[in-house]
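Remarks on the structure that follows.
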Amino acid sequence: MLEKDLLEQVRGLLASLKSEFTLRIERDPDYDKAAEFSSFLEDFASTSDKISTEYADGKDFRFTILRNSEDTGVSFRGIPNGHEFTSLLLAILNADGQGKNLPDKAIAARISRLKGKLTFQTYVSLTCTNCPDVVQALNVMAIINPNLSHEMIDGSLFQSEISRLNIQGVPAVYVNGEPFHTGRGELGTLLQKLEDKFGTEHDETENITEHEYDVVVVGGGPAGTASAIYSARKGLKVAIVAERIGGQPTETTGIENLISVPKTTGTQLAADMKTHIENYPIDIFENRKITRVSLRGKMKSVSVRGGEVFLSPAIVIATGASWRRLGLPDEEKYIGHGEHFCPHCDGPFYKGKDIAVVGGGNSGVEAAIDLAGICRHVTLIEFADEMRADDVLQQKLKTLTNVEVFTSTQTTALLGENGKITGITVKDRKTDIERNMMLDGIFVQIGLSPNSDLFKDELLLTPRGEIVIDEANRTSLTGVYAAGDVTTVPYKQIVIAMGEGAKAALSAFDDRIRGIF
């Protein structure tokens, strides 16, 4: 079932395995995909003499990974093909103690101290680009903490469960049978939610670990990456503290305007940025959630969940921005149940259905174009009097017969029934006339909101929450610099963020050698 070239690549990746692994396959011989799925796993197992298969009677098709005859806590219902194939590879490598995605000691300690016995199930789509991050994070947690287990479930194979649970977006994570998380999520985010919900044995007030650096970069997107690299090239001791390397662009499927790189993806760009960082002596602290900052003294501090504190005379803030929400009543309960932000991940749930895209910028028009190929009808709603998207995108949109565009239109309410969206209320801004649109779902693409809440009591911000910077990326405090989408720099673009990150690093170095801080 697996192609020969792919098998050779896998064989190379698994050549260093030290443990003995067994894929324990439970299947119903009468299940129509049993033979096909079994062939997939037999092919996979053939890539290493450290991997074997064993069979048992079961329902449908499911397999569990055993290491040295002991359950790792990781299982798959269905086959992790498509984007999830990497999840299978990493599960084997992680269980063997390998893989760059394994967390450092501080994060691993927090995982091991989670309270209770937790059983995770994650429903995915094999075409979802966000699902693997969640699956791989929960697999890692299960491998580290023996009280945790995780099962990936291919939602397309279990439609009755999808309908019963009213799942309209992926990844959809359940813990002990109860809804826990929907949509994109990294290990650090999921870990924090678990600590908050179930508790932890860790007392971070008694276990404070301090790290001191010449420069601390807060944020791991294009601006943060560039700032860290430029600082390291000056011979400084540098750390990146971030929830993830790659930042907001990892949510972008196609990137075609990064000069000298004709075409890439957000996932690939994140991987390339991390590779570039690793070429320098930069300490990477991923999966960190910042809890507080103190920026007014000579030595600034950044505290994160888990009891770590990062100290430095120079801080570069590159925390980026997040998707802006509609700000309507009941919005939170509809996210993942009719309201979505990623058309590539959740669009397949609306095949043959009617949806709306809110936002007429590049991201909104691109979403409408993509969804028009899946959905029966797409309504694009733009608040302004005209769309702001590039002309080439607008011209493409006009060629689609199942797309309808409304400008000067405001979304004023979400309509729902039984926990899912059934429509929206919109207002014509020229006449003030409101009407209801009956829809199966909406995709919100109305721009970004700067991630600056942590700094509002320390730095000068605009009314929109952007950190005010000068032409050299200096903020209102000496020794504190900012770059990228979190700042007042116009035009929120990857290539601009990278340049701004470099400027911030150079300004910090210039101030350092001049004795300003």
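Report, as a whole number in µm² per second, the diffusion coefficient that Stokes-Einstein gives for segment 350-397 at 20 °C and 1.002 mPa s using the Kirkwood radius over alpha carbon pairs. Write out the running numbers ahead of the final one.
Working: Rh = 10.6 Å.
Answer, rounded: 202 µm²/s.
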**Study point:** Residue-span extension gain [Arg325 to Leu258] - 0.36 nm each, minus C-alpha spacing
**Key:** 21.4 nm
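Could you work out the Kirkwood radius for segment 113-153, taking every pair of different alpha carbons, averaging 1/r and inverting it, reported in Å? Each step should come with its number before you reach the end.
On the way: mean 1/r = 0.0939 Å⁻¹.
In segment 113-153 this quantity evaluates to 10.6 Å.
Pull out the extension gain between Arg429 and Gln394, defined as 0.36 nm times the separation in residues minus the alpha carbon to alpha carbon distance; nm, one decimal.
Values: separation 35, 0.36 × 35 = 12.60 nm, distance 2.18 nm.
Extending this stretch completely gives an extra 10.4 nm.
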Point to revise | All-pairs alpha carbon distance profile, the chain, 20 Å steps from 0, percent | key: 21, 52, 26, 1
Revision key, fill the gap. So the FRET efficiency between Arg11 and Phe406, C-beta based with R0 = 45 Å and rounded to 0.05, is 0.25
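With the full set of protein chains in place, find how many percent of the accessible area of segment 20-119 is carbon and sulfur; take the probe as 1.4 Å. Mind dumping the intermediate values first?
Numbers: 1970 of 4450 Å².
That share works out to 44 percent.
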Revision key, fill the gap. In this structure, the FRET efficiency calculated for Asp453 and Ser46 from their beta-carbon separation, with R0 = 60 Å, to the nearest 0.05, is 0.70
Check your understanding: How do the peptides 329-340, 137-148, 211-222 rank, highest first, by the average count of neighbouring beta carbon atoms within 10 Å per residue?
Key -> 211-222, 137-148, 329-340
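What FRET efficiency, computed as 1/(1 + (r/R0)^6) with R0 = 41 Å and r the Cβ-Cβ distance, is obtained for Arg464 and Ser294, rounded to the nearest 0.05? Display every interim value, and only then the final one.
Numbers: r = 25 Å, r/R0 = 0.60.
The calculated FRET efficiency here is 0.95.
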Check your understanding: Using modelled backbone amide H atoms (1.01 Å from N, in-plane), which distant-in-sequence or interchain residues come within less than 5 Å of Arg288's amide H?
Key -> Ala242, Glu243
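If each DSSP helix of 4+ residues adds -39,500 (n - 2.57) and the sum is divided by the residues in the chain, what number results at 222 nm, nearest 500 deg cm²/dmol? Provide the component values of the computation, followed by the final result.
Working: 14 runs with 143 residues, N = 517.
The per-residue figure over the chain is -8000 deg cm²/dmol.
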Review point. For the chain, which cysteines have no disulfide-compatible partner, meaning no other cysteine Cβ under 4.7 Å?
Key: Cys375
Exercise for review: Order the peptides 385-392, 17-24, 127-134 from the highest to the lowest mean number of other Cβ atoms within 10 Å of their residues.
Suggested key: 127-134, 17-24, 385-392
**Study point:** Whichever lysines have a C-alpha closer than 18 Å to that of Lys492, once near sequence neighbours (fewer than 8 apart) are set aside
**Key:** Lys503
Study note, to complete from the structure: Averaged per residue, the 1.4 Å probe accessible area of the chain, protein heavy atoms only, in Å², is roughly 45 Å²
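Looking at segment 81-208 from every direction and averaging, what is the projected area of its Cα convex hull in nm²? It would help to have the intermediate numbers written out before the result.
Working: hull surface 30.9 nm².
Result: a mean projected hull area of 7.7 nm².
Carbon-plus-sulfur fraction of the accessible area of segment 235-312, 1.4 Å probe, in percent? Let's see the in-between values first.
Numbers: 1870 of 3600 Å².
Heavy-atom surface of segment 235-312 belonging to carbon and sulfur, 1.4 Å probe: 52 percent.
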Revision key, fill the gap. Taking protein heavy atoms only, a 1.4 Å probe, and rounding to whole percent, the accessible area of segment 384-517 owed to carbon and sulfur comes out at 49 percent
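The values are calculated or read from the model by the stated rules, or taken from the named source; none is laboratory data. From a predicted model like this one, the values you see are computed outputs, not experimental measurements. Counting neighbours? That spans all protein chains shown, and the Cβs are built from the backbone with ideal geometry, glycine included. Accessible surface is based on the protein model in full, side chains and every heavy atom, while ligands, DNA and RNA are left aside. Shrake-Rupley method; radii C 1.70, N 1.55, O 1.52, S 1.80 Å.
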